[in-house]
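The values are calculated or read from the model by the stated rules, or taken from the named source; none is laboratory data. Just so it is clear, the model here is predicted, and its values are computed rather than measured. Here the Cβ positions follow ideal geometry from the backbone for every residue, glycine too, while neighbour counts run over all protein chains shown. For the accessible areas, the whole protein counts, side chains as well, though only heavy atoms, and no ligand, DNA or RNA atoms are used. Shrake-Rupley method; radii C 1.70, N 1.55, O 1.52, S 1.80 Å.
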Amino acid sequence: MVAGELVQEHLRADTGAPDDITVGRKTSEPEGAAEPYADATYGAAPTHGAGEVDTTDPALEQEVVPPDEREAMLPNGGGGGGGGEEEGKKLETRLYCRRFAVLTVFSLYSLVNAFQWIQYSIITNVFTRYYGVSNEDVNWLSIVYMVAYVPLIFPATWLLDRRGLRLTALLGSGLNCAGALLKCASVSPELFGVTVSAQVVCSVAQVFILGLPSRIASVWFGPREVSTACATAVLGNQLGTAIGFLLPPVLVPNTPEDDDLTGHNISIMFYGTAAVSTVLFILTVIVIKDRPPLPPSQAQAVLPDTPPEDYSYKQSIINLMKNKAFVLLLISYGIMTGSFYSVSTLLNQMIIACYENQELNAGRIGLTLVVAGMVGSILCGLWLDHTKTYKMTTLIVYSLSFLGMLVFTFTLNLDDIYLVFFTAGVLGFFMTGYLPLGFEFGVEITYPESEGTSSGLLNAFAQIFGIIFTLIQGKLTTDYNPVAGNLFLCAWIFLGILLTALIKSELKRHNVNMGADSNHLACPGDCPSDKTTNGVKLEPSISFSRETSL
């Protein structure tokens, strides 16, 4: 941490660096509201000179507050404009070009981790024959990712809150590299235990990966790009799954007559993965930092650089579990994401059950599923940045995922492989497109709690549901048929729609970014007069507007 602070101080002094982009943002606050915000910054946001902003300069006015920004927000979400307001101290914000490098490196090593998750399942029949094990044994190479996540997410999110983004990212990338290297030593029919051990290491790595997209987006990106950045970070993981569907069937074709050739092909896949993982670990060491010298948004500017003295990770968990809207989101997010994990793990078995000798097409269908979801993720992120309609968007995408699952279920066995490509694409567009929506919705309704903690809990519930769904759907698929297993998921996704509809959407982070004040937003009756959320003091005059409905 000391070294990180020294680097930050150096970057503060180097204001002429060519990769810096200054985006000043001005807050409009009523008289007396500036002091609590100043207390909450803990020195995180220095001001220019004496802290005064010259509001008479029209050029500054145009640069600081883009006129179309508020037009893109909800009508009752902004509290900044209006006459007769007192100008308070400015909380300085800035965007750095380095944020794109941080996002790129994270997305790439997240990609490799997701690739290692699915690389066994998509060619289940090849690995069962090579290692002499059952389908259930190979399925556990995927399920172990989910099993490892649940108990380890709490120390991982504690580490993220206490030690910061850099150390967490190094652990994720480093363990991912170690697991990939260990797999290179498992290419022998009698060494299935070694490949299981390597996959366990990779599963521990993903604990330090899955919860970072919302933290990276919030800490490094501005309010008009935060949802898109989060979607892009999630996109890396989805792309890894897509490549995991595509490459293994190509690199390791089914050659039952030649075990030596199969082993050679498996070693090519493992050694290539290890080489890429090593390069990305080196880039992680070089590129990723805890945070930029200056915060990118007002929502980050009013938060401390480090947890305050009275911060409690346990209290943060308690606060989140008392948030009824977040608990509903936990369950609904777990259902949707767990269903995606189950479908991805069992896709090879579903396709082979309906279409013999179609291992290669099973991988291509999986690729279609995830690539379509990547497009959905980016479009949903852009839509959220433009409209801030979190609940409405989440509910619509959830409902369309349910319809997509129904269509996929009843067209799977119609003896038309091209129709399966189309229905899988529709299902993936909405089902995987939902993932960043859940992250951003969770951050919005739990602000100012840590993004890492809320995202970690969301992922923990996703893993729990993923384990349960994969085991039950796998049993139904084996004992009956793929339709029975898919109908099981459809019933749960429908329940998720109902739970999503019950979520009360309060745009907390959005209103802080918009500079909401008491002149425009009335505090509800249960709003405390002096609100402190786990060591972070918020201005009592601020309340949180609710999202408009359809």
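On the given criteria, is Thr368 surrounded by fewer than 23 Cβ atoms within 10 Å (Cβ to Cβ) and in contact (Cβ under 8 Å) with a residue 12 or more places away in the chain?
no
Restricting the search to region 120-164, which residues are over 25 Å from Glu257 (Cα atoms) and β-branched (Val, Ile, Thr)?
Scanning region 120-164 gives Ile143, Val144, Val147, Val150, Ile153, Thr157.
Do you know which residues across region 257-281 are open to solvent by 50 Å² or more (accessible area, probe 1.4 Å) and free of Cβ contacts under 8 Å to residues at least 60 places away in the same chain?
Glu257, Asp258, Asp260, Leu261, His264, Ile268, Ala275, Val279
Is it true that some residue in region 433-443 is open to solvent by 20 Å² or more (accessible area, probe 1.4 Å) and touching a Gly at 6+ places or on another chain (Cβ under 6 Å)?
no
Of the residues that make up region 445-452, is at least one in contact with a Phe, Trp or Tyr (Cβ under 7 Å, 6 or more places away or on another chain) and assigned to a helix (DSSP H, G or I)?
yes
Please determine whether any residue of region 180-187 is part of a helix (DSSP H, G or I) and crowded, with 21+ Cβ neighbours inside 10 Å.
Yes; the residues of region 180-187 include at least one that is part of a helix (DSSP H, G or I) and crowded, with 21+ Cβ neighbours inside 10 Å.
Which residue, of Gly404, Gly363, is touching a Phe, Trp or Tyr at 6+ places or on another chain (Cβ under 7 Å), assigned to a helix (DSSP H, G or I), open to solvent by less than 10 Å² (accessible area, probe 1.4 Å) and modelled with pLDDT under 85?
Result of the check over Gly404, Gly363: Gly363.
Being within 23 Å of the chain's Cα centre (by Cα) and of a type outside the set (D, E, K, R) narrows it down to one residue among Phe270, Phe221; which is it?
Phe221
What pairs come up if the first residue lies in region 233-252 and is under 16 Å from Ile378 (Cα atoms), the second is assigned to a helix (DSSP H, G or I) and among the charged types (D, E, K, R), and their beta carbons are under 7 Å apart, counting only those six or more places apart or on different chains?
As it stands, the answer is none, since no pair meets every condition given.
Please verify whether region 109-117 includes one or more residues that are free of Cβ contacts under 8 Å to residues at least 24 places away in the same chain, open to solvent by 10 Å² or more (accessible area, probe 1.4 Å) and in a helix (DSSP H, G or I).
Within region 109-117, not a single residue is free of Cβ contacts under 8 Å to residues at least 24 places away in the same chain, open to solvent by 10 Å² or more (accessible area, probe 1.4 Å) and in a helix (DSSP H, G or I).
I'm trying to understand the selection: among the residues of region 466-484, which are within 25 Å of Ala501 (Cα to Cα) and crowded, with 24+ Cβ neighbours inside 10 Å?
Answer for region 466-484, where residues must be within 25 Å of Ala501 (Cα to Cα) and crowded, with 24+ Cβ neighbours inside 10 Å: Gly466, Phe469.
Filter region 448-465 down to the residues that are under 20 Å from Leu141 (Cβ atoms) and open to solvent by less than 20 Å² (accessible area, probe 1.4 Å), then identify the one that is modelled with the highest pLDDT.
Of everything passing the filter in region 448-465, Ala462 is modelled with the highest pLDDT.
Please pick out the residue among Thr477, Thr500 that is under 17 Å from Thr345 (Cβ atoms), modelled with pLDDT of 85 or more and outside the structural domain of Ile118 (by the TED database).
Testing whether each residue is under 17 Å from Thr345 (Cβ atoms), modelled with pLDDT of 85 or more and outside the structural domain of Ile118 (by the TED database) leaves just Thr477.
Starting from residues that are β-branched (Val, Ile, Thr) and in a helix (DSSP H, G or I), keep the ones in region 407-433 and report whichever is nearest to Ile445 (Cα to Cα).
If we take residues in region 407-433 being β-branched (Val, Ile, Thr) and in a helix (DSSP H, G or I), then Val426 is nearest to Ile445 (Cα to Cα).
How about region 222-236: which of its residues are assigned to a helix (DSSP H, G or I) and farther than 20 Å from Thr394 by Cα?
Once the filter is applied, which keeps residues that are assigned to a helix (DSSP H, G or I) and farther than 20 Å from Thr394 by Cα, region 222-236 yields only Gly236.
Surrounded by 21 or more Cβ atoms within 10 Å (Cβ to Cβ), in contact (Cβ under 8 Å) with a residue 24 or more places away in the chain and among the polar types (S, T, N, Q): does that describe Thr389?
no
Whether any residue in region 203-221 is open to solvent by 10 Å² or more (accessible area, probe 1.4 Å), in contact with a Phe, Trp or Tyr (Cβ under 8 Å, 6 or more places away or on another chain), within 30 Å of Gly363 (Cα to Cα) and assigned to a loop (DSSP other than H, G, I, E, B) is what I want to check.
yes
Name the residue, out of Leu347, Leu320, that is crowded, with 19+ Cβ neighbours inside 10 Å and either within 14 Å of Ala462 (Cα to Cα) or modelled with pLDDT of 85 or more (or both).
Of the residues listed, the single one that is crowded, with 19+ Cβ neighbours inside 10 Å and either within 14 Å of Ala462 (Cα to Cα) or modelled with pLDDT of 85 or more (or both) is Leu347.
For residues that are open to solvent by 20 Å² or more (accessible area, probe 1.4 Å), under 18 Å from the mean Cα position of the chain (by Cα) and within 23 Å of Val343 (Cα to Cα), tally how many sit in region 131-179.
The qualifying residues number 1.
Condition check: open to solvent by 40 Å² or more (accessible area, probe 1.4 Å), modelled with pLDDT of 90 or more and in contact with a helix residue (DSSP H, G or I) (Cβ under 8 Å, 6 or more places away or on another chain). Does Val200 satisfy that?
So Val200 passes the test.
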